[in-house]
Structure formats: structure tokens, C-alpha cells
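Undergrad: Encoded as C-alpha cells, here's the structure I'll be asking about.
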Amino acid sequence: MSLNPLGDFTRLHYKRRKATNILFCSLMVVSTLIVVLALGAVFGYVLYKGLPAFNWPFFTSLPKPVGEVGGGMLNAIVGSLIMVSLGGLIGVPWGILTGVYLSEYGRGKFASTVRFSANMLSSVPSIILGLFVYVILVKPMHRFSALSGSLTLAIIMIPTIARITEELLKLVPNHIREAGLALGLPRWKVTLRIVLRGSFSAIITGVMLAVARVSGETAPLLFTALNNQFLQFRLDQPISSLPVQIYTYAISPFDDWNRQAWAGAYALIVFVFLINLITRVIFKPTVKGLN
Amino acid sequence: MSILKVNNLNAWFGEHRALNNIKLSFDSNKVTALIGPSGCGKSTFIRCLNRLHEETPGASASGQVILQGENIYVAGVDPVRIRRKVGMVFQKPNPFPALSVFDNVVAGLRLAGIGRKSILRDVAEKSLKLAALWDEVKDKLNQPGTSLSGGQQQRLCIARALAVEPPVLLMDEPTSALDPISTAKIEELVLSLKKEITIIIVTHNMQQAARVSDKTAFFLLGELIEFGDTSQIFTVPKEKKTEEYITGKFG
């Protein structure tokens, strides 16, 4: 067939191309809208249900016994903060170091085994990781504890953070590393101060997604940290957390508790949202100044 | 006087031999151009001179490379120490990401543990002036290095390499990603820098080799075919292959 630019074939072809273009553009717009709407709906509904109990005492007081009106989730908020922080303290450096190893040093069988394990581990249901920590920590200690909860959250974080770090470091072109080596710098310094430094803000964003993810974990904490109606700061004692407290209150038959569960859900969403926002502001790609 | 002498240098990528018994010597404060078709081993060769070749997985090299009287290919020589004496500029401008212009220039010193602000500032100014970039960036030292134009980025990389004061500077096709004006600036720079430093430049551009170099080496298929004064190589080459390459019969 001749490709006469004004022939019927070309004109038809052009029309079809236009139609396909419009079709796929509309599909994209619709998909995007659905995502945004879903977020809006979740946020809106939780806000609507949670707002009545979302007040100052909610943040400052402990749960009241059944029948008494009021009370708050101070214990759960403190518990979540402790466990997410300690879990992050363990999991974030561990994950980043694993990612650096995979991207910068890992070659051959061992590295691919590590990579495969990280992939597997990140797809293991978190409840199983909770059971694992139950066996290795809760049973020997003979009690549920904040420490076990933190360790569980750390284990959930590590594979995600490791893979994110690896992928981001692999985006750094190799000639950047060579430029560092050519300045007469040892490889570890090039890795740490040039390669990792250059991707730092992107890695932190990834890390915060992982942290936000684990701050909503419920099931594995039931096996490890359990719950606690009292405010406590010790790592070797059972401790409350927002998701577990929400779970407990949501399945209870008391209206007041149900309302508080919604407020807790709202607090959790705000918490995750704030983590994302703050890291974005603090770790915006910036350049260190002369002074 | 020769500052760098190469004897029987061989290089491999795995089983593949990329360089075959190269013997060459470089005079100090001269510019030597390495020419030859793609894949002839020019880049591999200069990457052997600062022991960067061996950083490629599976790559290895053997032979003698004598830098200021010291063979850098004997056991126990730390490649990190050698690379401080043999700087390198790459094909693509590669300022370090997320570092400012200033931090890029002093990266080699700062990461080697020199933290005194006054020293770093002096070195930065001196290196940027040597690289003919100072006037253009003196007011934007705090901006990201990657915000400069391509030609400026390449001069920034040259300044960065000069900041650690290496006696030898390797340039691997430093202008192949640049426009003609930036290229001309880099060429001027090469000519002015040879007062301070010995330069070895790989280029695909034969006019460039003719313009900037004192000596020229022609490589083909991992062998050194001919080495001599640039004027001689480009006017009366001794080898037939050299003549054919220079006149554009192949390559």
C-alpha cells in the first residue's frame, strides 16, 4: 500500500489516532479522580465521625471506665509515639545500610539472596512477623512489651526501606562515583558523603512512607505490645498504641467508646499526614550554604 | 622531562584484552592527545593511569606505570593515594548532586578531612580562577552545582579536579557533550593550564587534538600505533594506519 499522505488510509489512521488519544486521556483523568476522591472520602468520613470526640481531653486524659463519659487516648498516643520512634531508630538505619550494601557493594549470590529475602519479607503479612517476635521475644520475656512492639515495627520497615534505598541509589549515575574516586577519596567516603548525600532527601521521603505505614499496624502489635489502659513509659511493659486502641474501642458495644475510636482514627490519619508534611518541608532538596 | 612513564601495560575486561603492551611516556607541562576510533582503548588506557580501570567489575591491568619515579602497579600501592596525584575529568559534566558550586570544588579536600573555612575558601577561589569559571560563578557559590550550564559544569568539574593539586590531569573526551563555544573555552583552558600541570586528553575531534596538544598518540584495537609530536603526526605520519585514520579513511 502506498503511503500517500492525503490518502484515505492516512486520514482514517489520523482519526483513529485522535480517538484513541481522547479515550486514553479520559481514562487517565477518571483514574486520577477516583484516587483523589477515595482519599477525600476517607478523610471526610473519618473527620465527620471523629470530630465529636476529637477534643483536648482526648489528647490529655486516660481512658475512663465503661459508663463514665469522657476520657481520652493519651496512653495510646504516647505508646504509638514510643513504639514508632524506637522502631524507626532500629529499622531506619538498618534498612538504609542494607540498601546501601545492595546498591553499592552487593554482587553475586549473597547479594541476590539478600535482595530476594527483602522482597519476600516485605510481602509477608505483618501478623506473621508479629507471631515471629512473639516467639523470639514475648515468650522468653514472659510478657508483652513496648520493646517487642517496636522490634516488630522495625522488622516490617527494614525490607521496604532497604529496597527504596537501593532503587534510589541505583539512579545515581556511575560516573558520579568515579568522579569521587578520581579525587582520591576512599570508596566508603564516596558512598556516604557523595552518593548517599545526593539522594538523601528522596530516601528520607521513602523512609517516611515506611514509618507512616507502620504507624497504622494493628495485628502484629496485638501479639507483641498488647494494650495498656494506663500511661506508662517502660519498654518492658505492655503498652497501648493508637491502632490497637481503635480496634478495642471500635468492636466494643459502647457508643462513647465507638466515638472515641473514630476520633482515634482521625488522630492517626492526621499523625501520618503530619509526618509526610513535616519531612517534605524539612528535607526539601537544599544545598548547604557557604557559612 | 617525563613525569609519567608506561611500560608494557596490558588491560583486560574479564577475558577480553583491551590494551596490548602499551609503552608511552608523558612529558611534564605538556599536553598529550590520545586519538583513535571508538573502542580502541584510549579511555581504558587513561583509566589505567589513575587506577580507575580496576573499579569496573571484572576489569584488571598489569604492567608498569611509573608516576614521578614510583611504579603505581606494584602490590601495596594504595590507589586512593595515586588518584590524588592524577586527577580526572569525564566525558559528561558530573558535579556532585545536592552540593553547591563551592562544596563541589572543595569536595576533594573537605572529604579528605580539611575543614578550615579559610583554606577551603582560598582553594575554591584559586581553582575556579584556574578553571576560568570564577567570574561567572563568584556570586552563586551557594547555588547547586547542577544549576550551571553544561559548559560551566564541565569547568566546575575541572576546578574540582584541580583543587586537590594533582600534577597530572586526565581528560576523557571533556568536550564531547558541549557546544562549540563551551568547547573553545575548555580548549583555551587546557592550553593555559599546561603551565601548572601535565595534561593527557582523549578526544574524537582531530582538530581539537591538533589545536591543543604537543604530542599525539594514535591507538587502534588496543595497540599503540604511533606516538610523536602533534605536528609530525598530523602532517607526516610514519604509519600508514595513522595516515588513513587522520584523513578519514576509517574510524
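Undergrad: Just give me the residues in the range B:68-119 being surrounded by fewer than 24 Cβ atoms within 10 Å (Cβ to Cβ), under 17 Å from B:Leu169 (Cα atoms) and β-branched (Val, Ile, Thr), in sequence order.
TA: B:Ile72, B:Val80, B:Ile82 - these are the residues of the range B:68-119 that are surrounded by fewer than 24 Cβ atoms within 10 Å (Cβ to Cβ), under 17 Å from B:Leu169 (Cα atoms) and β-branched (Val, Ile, Thr).
Undergrad: Just checking, which of B:Ala98, B:Ala124 is over 27 Å from B:Pro37 (Cβ atoms), facing chain A (nearest Cβ under 10 Å) and in a loop (DSSP other than H, G, I, E, B)?
TA: Within the list B:Ala98, B:Ala124, the selection yields B:Ala98.
Undergrad: Between a first residue in the range B:71-90 that is more than 8 Å from every other protein chain (Cβ to nearest Cβ) and closer than 18 Å to B:Thr198 by Cβ and a second residue that is surrounded by 15 or more Cβ atoms within 10 Å (Cβ to Cβ) and charged (D, E, K, R), which pairs have beta carbons less than 8 Å apart while being 6 or more apart in sequence or on different chains?
TA: Correct list of pairs: B:Ile72/B:Arg51; B:Val89/B:Asp172.
Undergrad: Residue check: is B:Cys40 modelled with pLDDT of 95 or more, in contact with a strand residue (DSSP E or B) (Cβ under 6 Å, 6 or more places away or on another chain) and not in a strand (DSSP E or B)?
TA: Spelling it out, it is not the case that B:Cys40 is modelled with pLDDT of 95 or more, in contact with a strand residue (DSSP E or B) (Cβ under 6 Å, 6 or more places away or on another chain) and not in a strand (DSSP E or B).
Undergrad: Just to be sure before I move on: is B:Asp103 outside any loop (DSSP other than H, G, I, E, B), modelled with pLDDT of 95 or more and more than 12 Å from chain A (Cβ to nearest Cβ) in the structure I sent?
TA: Considered against the rule, which asks whether it is outside any loop (DSSP other than H, G, I, E, B), modelled with pLDDT of 95 or more and more than 12 Å from chain A (Cβ to nearest Cβ), B:Asp103 comes out as no.
Undergrad: Considering (1) in contact with a Leu (Cβ under 8 Å, 6 or more places away or on another chain); (2) surrounded by fewer than 19 Cβ atoms within 10 Å (Cβ to Cβ); (3) not in a helix (DSSP H, G or I), say which one A:Phe233 fails and leave the rest.
TA: (1)
Undergrad: Do we have any residue at all in the range B:55-65 that's within 18 Å of the chain's Cα centre (by Cα), within 8 Å of chain A (Cβ to nearest Cβ) and crowded, with 23+ Cβ neighbours inside 10 Å?
TA: Checked the range B:55-65: no residue is within 18 Å of the chain's Cα centre (by Cα), within 8 Å of chain A (Cβ to nearest Cβ) and crowded, with 23+ Cβ neighbours inside 10 Å.
Undergrad: Within the group A:Ala202, A:Ala182, which residue is of a type in the set (Gly, Ala, Ser) and crowded, with 21+ Cβ neighbours inside 10 Å?
TA: Going through A:Ala202, A:Ala182 in turn, just one is of a type in the set (Gly, Ala, Ser) and crowded, with 21+ Cβ neighbours inside 10 Å: A:Ala182.
Undergrad: Among the residues of the range B:128-163, how many are polar (S, T, N, Q), closer than 23 Å to B:Ser176 by Cβ and within 14 Å of chain A (Cβ to nearest Cβ)?
TA: Total satisfying the criteria: 4.
Undergrad: Give me a count of the residues in the range B:193-245 that are over 22 Å from B:Thr175 (Cα atoms), at pLDDT below 95 and of a type in the set (Phe, Trp, Tyr).
TA: 0
Undergrad: Considering each of A:Thr60, A:Thr98 in turn, give the residue that is farther than 21 Å from A:Glu217 by Cβ and either out of contact with any Pro (no Cβ under 9 Å at 6 or more places or on another chain) or assigned by TED's automatic domain parsing to the domain that holds A:Arg163 (or both).
TA: Only one candidate passes the filter, namely A:Thr60.
Undergrad: Any residue in the range A:103-112 that is hydrophobic (A, V, I, L, M, F, W, C), surrounded by 12 or more Cβ atoms within 10 Å (Cβ to Cβ) and over 21 Å from the mean Cα position of the chain (by Cα)?
TA: yes
Undergrad: Based on this model, can you work out whether B:Leu170 counts as more than 10 Å from every other protein chain (Cβ to nearest Cβ) and either over 15 Å from B:Ala107 (Cα atoms) or out of contact with any Cys (no Cβ under 6 Å at 6 or more places or on another chain) (or both)?
TA: no
Undergrad: Quick one: how many residues across the range A:158-214 are touching a helix residue (DSSP H, G or I) at 6+ places or on another chain (Cβ under 6 Å), of a type in the set (Lys, Arg) and within 11 Å of chain B (Cβ to nearest Cβ)?
TA: Matching residues across the range A:158-214 total 1.
The values are calculated or read from the model by the stated rules, or taken from the named source; none is laboratory data. Small disclaimer: the values here were computed from a predicted structure and weren't measured. Reconstructed Cβ throughout: ideal geometry from the backbone, glycine too, with neighbour counts over all protein chains shown.
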